[in-house]
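Worksheet for the structure shown next.
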Amino acid sequence: RGAASASAVPAGGSPLSAQVREFEGSYPEAASPTGVVRDVALEAAPATLPLLDGQPLDVWAYNVQVPGPTIRVRLGERLRVTFTNRLARPTTVHWHGVRLPNAMDGVPGVTQPAVPPGGTFVYEFVPKDAGTFWFHPHLRSSEQVERGLYGVLVVEDPVPPPYSRDIVWVLDDWRIREGAIDPQFNTPHDLMHDGRWGNVITVNGSIDERLTVRPGERIRLRLLNAANGRVFAPDFSGLDARVISVDGLYTAKPLDPAGFELAPGNRIDLDITIPASAAGRQFSVVDRFTRRPNALASIDVSQGAAVRTPAFPSPAAAHVAPWRDTEAIAPRLEYRLAARRGGEFGIEWTLNGAAARHAHDTEASTAEGDGHEVSVLPRREWSKLRFVNDSGRLHPIHLHGMFFKVLSRNGRPADEPFFRDTVLVHGRETVDVGVVPLDEGRWMLHCHILEHAEAGMMSLLDVK
Ligand code: C2O
Ligand code: CU
């Protein structure tokens with residue numbers, strides 16, 4: 001089982017220890033449990049729900065909702081989710097972005113056997129980071145997520161900043177044919193391109209999501225891209241909006257959201273102050289990733305006197321390891337991203353020439369490693385990972401169990417004052433990231449275009 005390609009790492013006293021020192025304080029190694037336990041029952045089952053334009057749509061849903069329930073816990077609380085599978089297929093629940101014990105990560109055949117139809121599984125962990133996370137199946141996710149299985153996990157700060165409102169917007173797209181979800185999954189067309197892009201875009205399941213606010217409010221708006229393949233670039237111009245958090249961790253400073261590419265899996269939290277002068281106005285939020293803009297949702301400001309929101313400093317003041325001047329350091333792992341003919345769907349997506357072949361759908365897979373390549377990442381050390389996109393397609397690369405920081409794109413230093421768990425690698429692009437993994441275990445590295453992942457673009461990292 002070959003490592004991806006490894007280059008020699010400079011020996012002791014190297015610049016690498018400087019990177020680890022800079023990392024200290026970026027995010028904690030351990031959770032700080034308060035002793036409070038939050039019990040949640042979660043059930044996946046087919047449902048018919050008024051979605052999109054309000055007509056009934058056959059979906060697969062968590063707790064008869066799409067998006068599934070927003071689970072809220074405070075930092076330090078223990079979340080105990082008793083999951084029941086009422087689907088006709090095996091499934092799992094993966095907690096995207098959450099640093100948790102490896103056995104709770106929800107990856108079938110790697111961290112647990114799949115949950116069979118009628119089966120249950122208890123997920124239990126104390127989140128270590130306060131922010132916006134989400135959960136979704138990790139088995140045939142190209143179909144299961146597309147049919148509606150996803151929900152948001154909000155981990156609140158021990159003392160949440162006093163926003164007048166804390167709102168979640170889940171962005172998704174759907175391929176609808178004759179009033180139903182197109183049952184053709186993993187088509188050659190989708191595999192050759194950037195996965196399945198739908199013909200209907202929704203926010204919180206609706207094509208016409210409206211948020212009504214009062215002048216003077218200061219709201220926290222949490223955005224998640226739950227689409228299989230579509231990238232969104234939400235445009236909040238006209239509003240005083242600042243990015244305060246990316247992928248569940250606060251940024252080092254508030255950032256302009258303009259141009260931020262919200263790839264599948266990514267989250268951003270926005271801090272938006274509605275000016276008193278905006279009474280009666282309507283702001284439409286559009287997606288500008290594609291040539292033709294797509295309407296997403298609107299923020300309607302009511303008439304009347306402004307509410308007074310207490311002034312407070314932006315929570316976007318995290319310590320984020322600077323990791324500058326790392327260009328000369330050799331990557332520990334390099335991944336080449338490419339497609340070839342073959343496999344179950346006629347096209348395979350590969351990492352260093354390997355396509356993960358895994359049991360799914362029909363049987364609970366339990367095999368060790370389950371057909372994935374495994375590479376090693378040393379715990380508490382700094383590593384550079386390089387993604388070289390030999391294809392012209394998009395690949396949002398996601399790592400489980402750790403946050404990383406983008407160091408450079410095409411050799412040009414990047415200036416991102418934040419960590420991520422998912423980075424969009426554009427066609428023919430090379431992206432370097434730095435990471436200090438803190439949590440032991442076998443963690444997935446995969447493309448979050450779910451069709452690409454299903455067609456092989458998955459690998460494993462052993463952190464030890
Ligand atoms: Cu959101 Cu392994 O995925
Ligand atoms: Cu991909």
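In Å, what Kirkwood hydrodynamic radius results for the range 126-237 from the alpha-carbon pair distances? Could the numbers behind the result be given before it?
On the way: mean 1/r = 0.0624 Å⁻¹.
Taking every pair of different Cα atoms in the range 126-237, averaging 1/r and inverting gives 16.0 Å.
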*Give the percent of DSSP beta bridges with both residues in the chain that are antiparallel, rounded to the nearest 5.*
70
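Using the scaling law 2.2 N^0.38 Å as the reference, what is the normalised Cα Rg of the chain?
Numbers: Rg = 21.3 Å, N = 464, 2.2 N^0.38 = 22.7 Å.
For the chain, the normalised Cα radius of gyration is 0.94.
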*Rounded to the nearest 0.05, what FRET efficiency do Asn63 and Glu24 have when you use their Cβ-Cβ distance and R0 = 60 Å?*
0.90
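Just to be sure I understand: if I project the alpha-carbon convex hull of the range 165-301 onto a plane and average over all orientations, what area do I get in nm²? Walk me through the intermediate numbers first.
Values: hull surface 36.1 nm².
Projected area, direction-averaged: 9.0 nm².
What is the extension gain from Arg340 to Ser298, computed as 0.36 nm multiplied by their sequence separation minus the C-alpha to C-alpha distance, in nm to one decimal?
On the way: separation 42, 0.36 × 42 = 15.12 nm, distance 4.20 nm.
Result: 10.9 nm gained on full extension.
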*Out of the range 319-358, which trypsin sites (Lys or Arg not before Pro) are coil in DSSP terms and have no more than 11 other C-beta atoms within 10 Å?*
Arg324
*May I ask you to list the lysines whose Cα is less than 26 Å away from that of Lys253, ignoring any residue fewer than eight positions away on the same chain?*
Lys128, Lys384, Lys405
*In nm, to one decimal, how far is the Ile207 label point from the Thr120 one, both placed 7 Å along Cα→Cβ?*
4.0
_What aspartates and glutamates does Lys464 reach when the alpha-carbon gap must be under 20 Å and sequence neighbours fewer than 8 apart in one chain are set aside?_
Glu24, Glu29, Asp105, Glu334, Glu368, Asp370, Glu373, Glu381, Asp421, Asp439, Glu440
_Going by amide H atoms built from the backbone, whose H comes under 5 Å of the H on Glu217, apart from near neighbours?_
Ile274, Val307
_Stretchable slack from Ala103 to Arg288, in nm (0.36 nm times residue separation minus alpha-carbon distance)_ = 62.7 nm
*Using modelled backbone amide H atoms (1.01 Å from N, in-plane), which distant-in-sequence or interchain residues come within less than 5 Å of His193's amide H?*
none
*Along each of the three principal axes of the Cα atoms of the range 217-273, give the extent in whole Å, ordering the values from largest to smallest.*
33, 24, 18
*Obtain the nm distance between the two label points defined at Arg281 and Arg80 by a simple spin-label model: each point lies 7 Å from its Cα along the Cα-to-C-beta direction.*
4.9
_Mean residue ellipticity (222 nm) of the chain, computed from DSSP H runs ≥ 4 via -39,500 (n - 2.57), nearest 500_ = -1000 deg cm²/dmol
*Measure off 7 Å from each Cα along the Cα-to-Cβ vector at Ser32 and Phe312, then give the distance between these two points in nanometres to one decimal.*
1.7
*Just name one of Ile397, Gly97, Ser314: the one whose Cα is farthest towards the positive end of the charge dipole of the chain (beta-carbon charges, Lys/Arg +1, Asp/Glu -1).*
Ser314
*For the range 306-320, in order, what is each residue's ³J(HN,Hα) by Karplus, 6.51 cos²θ - 1.76 cosθ + 1.60 with θ = phi - 60°, in whole Hz (x at glycine and Pro)?*
6, 7, 9, 9, x, 6, 8, x, 5, x, 7, 9, 6, 7, 10
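To the nearest 20 debye, what charge dipole does the chain have about its Cα centre, counting +1 at the Cβ of each Lys and Arg and -1 at the Cβ of each Asp and Glu?
Working: 49 positive and 56 negative charges, 115 e Å.
My answer is approximately 560 debye.
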*Please name whichever of Pro264, Ala339, Ala414 sits farthest to the positive end of the charge dipole of the chain, dipole taken about the Cα centre and charges placed at Cβ: Lys and Arg +1, Asp and Glu -1.*
Ala414
*Alpha-carbon Rg with Dmax, taken over the range 246-325, Å*: 16.2, 52
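FYI, it's all coordinate maths here, none of it is from the lab. Keep in mind that what you see is a predicted model, and the values were worked out from it rather than measured. Virtual Cβ from ideal backbone geometry, glycine too; neighbours counted across all protein chains shown.
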